[in-house]
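Report on the following structure.
A short reminder: the numbers here are calculations on the coordinates, not readings from a lab. A quick note: this is a predicted structure, and the numbers were derived from the prediction, not measured. So basically every Cβ, Gly included, is an ideal-geometry build from the backbone, and we count neighbours across all protein chains shown.
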Amino acid sequence: MKTLLWTSERFHGELEFRFNDRGLLIGYDDRGELTNDQRAWILNGLPRTEKELKELAATSRSIKLTEVNRDISFDDFWQRYDHKVVSSKKKARAAWERLPKAEQMKAYNFIGKYLQNIATGVAKKYAETYLNSSIWNN
């Protein structure tokens, strides 16, 4: 299975597309803050294959596709969360290793949405607190 995340400067968040080994769409998750028109446009022209999605991205300057590995490492998480100065890498690694692989994937994928929704004046959670709180399941 291959997972591609679609991000764009035209909306906040990300859209997740999951494809089987033959490149056929098997799952779509909308974690973006889209307008109704944007959501209708996506759903009406939903790419059914990985090739169609990549062709769509190639014709647009605003679409960015990122392939997500199924097994995300702690170092991938640590780099993406990017709170190295104040978070404890040792504590965060321990929290990461306690999570099942599926939860690690959810935690990793939720980082973008979490960062966009931090209220003004509210500090970003320590990486270990983020992992221990399981906010991606709320």
Rounded FRET efficiency, nearest 0.05, which uses the C-beta distance separating ILE118 from THR66 and R0 of 25 Å: 0.70
Kirkwood hydrodynamic radius over Cα pairs of segment 1-63, then Stokes diffusion coefficient at 25 °C and 0.890 mPa s, in µm²/s: 206 µm²/s
Coordinate range along principal axes, alpha carbons of the chain, Å, largest first: 43, 36, 26
GLU103 paired with ARG48, simple spin-label distance in nm, labels 7 Å along Cα-to-beta-carbon: 3.9 nm
For segment 58-97, alpha-carbon Rg and Dmax in angstrom: 14.3, 43
Cα centroid separation, segment 87-123 to segment 29-49 (Å): 26 Å
Which listed pairs, of LYS51/LYS113; LYS64/LYS84; LYS64/LYS106; LYS90/LYS124, have C-alpha distances above 22 Å, in listed order: LYS51/LYS113; LYS64/LYS84
Cα-Cα pairs of segment 62-138 separated by more than 22 Å (percent): 20 percent
